Structure formats: C-alpha cells, structure tokens
Amino acid sequence: MPESISHLVSFIYSAEERGFSPAARRLGLSPAAVSKNVARLEQHLGVRLFQRTTRQLRLTAEGERYLHEVAEPWRRIEEATLATRQGAGQPGGTLKISMAPLVGRTYFVPMLEDFLKRYPAIVPDLHFENRQVDLVKEGFDVAIGGGVELNEGMVARELTTVRSIVVASPAYLERCGRPLDPDDLARHDGIARRAVGSGRLLSWTLRHGDGRQAPVDLRTAMVCDDPEAMAQAALAGIGIAVLPLPHAQAFLRSGALVDVLPGWFVEGRALCLYYASRRLLPTKTRVFIDFVVARFEEQGLARQFITPEGVSGKG
C-alpha cells in the first residue's frame, strides 16, 4: 500500500474504531505503527486531527471535517475492490449491525442461523444499543430500529409499524381495580418513560379502531428510560405502563401482563432497516437486507408488532 494511503487509512480506521489499538487489529499492524501513520498525516496536513489522552482518542474540529470529506470516498474504493475480488463468488466480510436490544435479540438474532448457512463467509458484528448511530461515521453497514434521523445519503426500508398498548399485572389490577376506559387511567399509578435523547417525559395518545382518541393520563409512580425496565416494573405491580408490543408480547402470552384496554393502542414509529445510500452497495449488505425483508414477510412477523397476543381479558 502506498505510504500516503496507509497514513489516510490509519486515520479513518482510528476515527471509526475510536482508538489506535482496534484500528491496528483491523489493519493487521501494531498500534505504534498506526499512531505513527496518523502523526505523519497530521504533519503533512499541518493540523492536529486527534486529541490524545491516556484513555481516549477524540477528533478535533479539523479532524471531524477531514473525516467527513475522506471517509465516504475511501469506503467506495473498498467496496469497489471487494466487489471486484468477489466477482460471482460468495459475499463475505464483517457486517457491522446496530440493533435495538430486545427487538434485535428476539426477532433478528434467530434469523442468523439460516442467513449464515446461506452466506458462511459473512461475519455479523452485532451492537445492541438504544441510541441513534451515525452509520457512516461509526462504520455501520446496517441499523435496525425506529426513529433514526435520516441524514443525507441514508435510506430507511420499512418493515412494519410498532404499536404500544396499556398493560398491568393481574396483581395490580386486583389491588387497584381495572380501568374500564381511558378516562379511568387518571385514578391509577403509572410508569412513565423518559426519552433518552431529550430527557423529556413522553406523552401518549390512545387510538381505537372506531376512530376515537384519548390521552394517557396516569399518576407518575416511576420514571424509566428503557422499555424493558418498564415491563419489569409493571410485572412487579408498581403501576400501569404503555409498552411497545415487542416488549409486551411474551408477558401477554403467559398472562403475567394484561392488555388493560383491549382495542386501544398507541401508534408508534416505523421499524426500519437503515443503510447508506450508495451507488455501489456492498454485496454483504445487500444480501442481508434482502434476506431480512423476505424472512420478515415469510414468518408474518409484522403482525407481532401491531396485534396483542394472549388472553386480553385476564385479570
């Protein structure tokens, strides 16, 4: 590899991996060699690209601007090289995927056995996190989730819409009574949800199939920023919760939670596959997207995100 290119790639990988050591593993070099390459690039450019401390590596403002300019062109070169090498052969390489934790573990990880049988040269690298990732800057091939802001050059392929319902444990309903309609919720303790990004408490509007609408008005007994924690609080009988159906379905089936207001739901965000809109989409990314879309339809998974299961009237 020409010296100037090795300097550039060392910088890009160090920025994406947030450290010289992981970049070195990716390049097959020593951390010292990667650090030296970056230093030589900084000397050539006449600017400092990273702020270095003993614990972390952070881009400077100049480094951010430079990465924005060079990362995408280099990725296209990598993709063109990989596509040429692969030709008509099997797609391969590491596929870096961001997934919402529970949705990823429950619905997408089980698909991977068949995917890997079909494409054994692909290595899924799964990251489970409740945050919006920057696909290009952080080097992700695909993100699976909802509510991701579409930056320039990104595509969202919708799989389904995620609905939420009002749930409570049978023990809570036995102790406090069961709401008969949305207006009754004001008499009950609730488990509120705080948005991770803004820190604000979320508000919900219930909808009914007949066109009626009503606000969710509960006394706040607890605040969580994670729907899995909300589900556990509801199971413990702390109060009523508005849960996305993927987080509620297993408990509805077992009877551990009850759909308190059958027929009422909160319309949520779309569940999407997010990926970079590139003229030359890597083969490994394209086959993964096509596989997930087909499997989602074959298994009828969309229904589980919009229709409560289990015995709604229990409790």
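The values are calculated or read from the model by the stated rules, or taken from the named source; none is laboratory data. Every value quoted in this text rests on a predicted model; they were computed, and no experiment measured them. All Cβ positions, glycine included, derive from the backbone under ideal geometry; neighbour counts span all protein chains shown. Note: areas computed on protein heavy atoms with side chains; ligands, DNA, RNA excluded. Shrake-Rupley method; radii C 1.70, N 1.55, O 1.52, S 1.80 Å.
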**Asked** Under 7 Å by Cβ, and 6 or more places apart or on different chains, what pairs join a residue from the range 233-255 that is farther than 13 Å from ARG175 by Cβ with one that is among the β-branched types (Val, Ile, Thr) and in a loop (DSSP other than H, G, I, E, B)?
**Response** VAL242/VAL216; LEU245/ILE306; GLY255/VAL311
**Asked** So which residues in the range 238-259 are surrounded by fewer than 23 Cβ atoms within 10 Å (Cβ to Cβ) and more than 28 Å from SER198 (Cα to Cα), if there are any at all?
**Response** ALA250, PHE251, LEU252, ARG253, SER254, GLY255, ALA256
**Asked** Taking the range 184-201 as the search range and keeping residues that are out of contact with any Cys (no Cβ under 9 Å at 6 or more places or on another chain) and surrounded by 14 or more Cβ atoms within 10 Å (Cβ to Cβ), which one is nearest to ALA234 (Cα to Cα)?
**Response** GLY190
**Prompt:** Looking at the range 59-71, which of its residues are modelled with pLDDT under 90 and either exposed (fewer than 14 other Cβ atoms within 10 Å of the Cβ) or over 19 Å from LYS137 (Cβ atoms) (or both)?
**Reply:** HIS68, GLU69
**Flag if VAL260 is assigned by the TED database to the domain that holds VAL162, farther than 12 Å from SER169 by Cβ, of a type in the set (Val, Ile, Thr) and touching a residue at least 12 places away in the same chain (Cβ under 8 Å)** = no
**Request:** Collect the residues in the range 98-123 that are in a strand (DSSP E or B) and touching a residue at least 60 places away in the same chain (Cβ under 8 Å), keeping them in residue-number order.
**Result:** ILE122
**Scope the range 202-214; condition surrounded by 13 or more Cβ atoms within 10 Å (Cβ to Cβ) and within 28 Å of the chain's Cα centre (by Cα); matching residues** = LEU202, TRP204, LEU206, ARG207
**Request:** Take ILE77 and decide whether it is in a helix (DSSP H, G or I) and either surrounded by 13 or more Cβ atoms within 10 Å (Cβ to Cβ) or of a type in the set (A, V, I, L, M) (or both).
**Result:** yes
**Asked** What are the residue pairs meeting all of these: first residue in the range 203-223, first residue closer than 17 Å to ALA234 by Cβ, second residue part of a strand (DSSP E or B) and open to solvent by 60 Å² or more (accessible area, probe 1.4 Å), Cβ atoms under 6 Å, and 6 or more apart or on different chains?
**Response** VAL223/ARG194
**Message:** Looking at SER4, SER35, can you tell me which residue is of a type in the set (S, T, N, Q) and modelled with pLDDT under 90?
**Reply:** SER4
**Prompt:** ALA270 passes all but one of (1) crowded, with 17+ Cβ neighbours inside 10 Å; (2) touching a residue at least 60 places away in the same chain (Cβ under 8 Å); (3) of a type in the set (A, V, I, L, M); which number fails?
**Reply:** (1)
**Message:** Would you confirm whether or not the range 94-107 contains a residue that is more than 15 Å from the chain's Cα centre (by Cα) and at pLDDT 80 or above?
**Reply:** yes
**Prompt:** Can you tell me how many residues in the range 91-133 are hydroxyl-bearing (Ser, Thr, Tyr) and open to solvent by less than 60 Å² (accessible area, probe 1.4 Å)?
**Reply:** 3
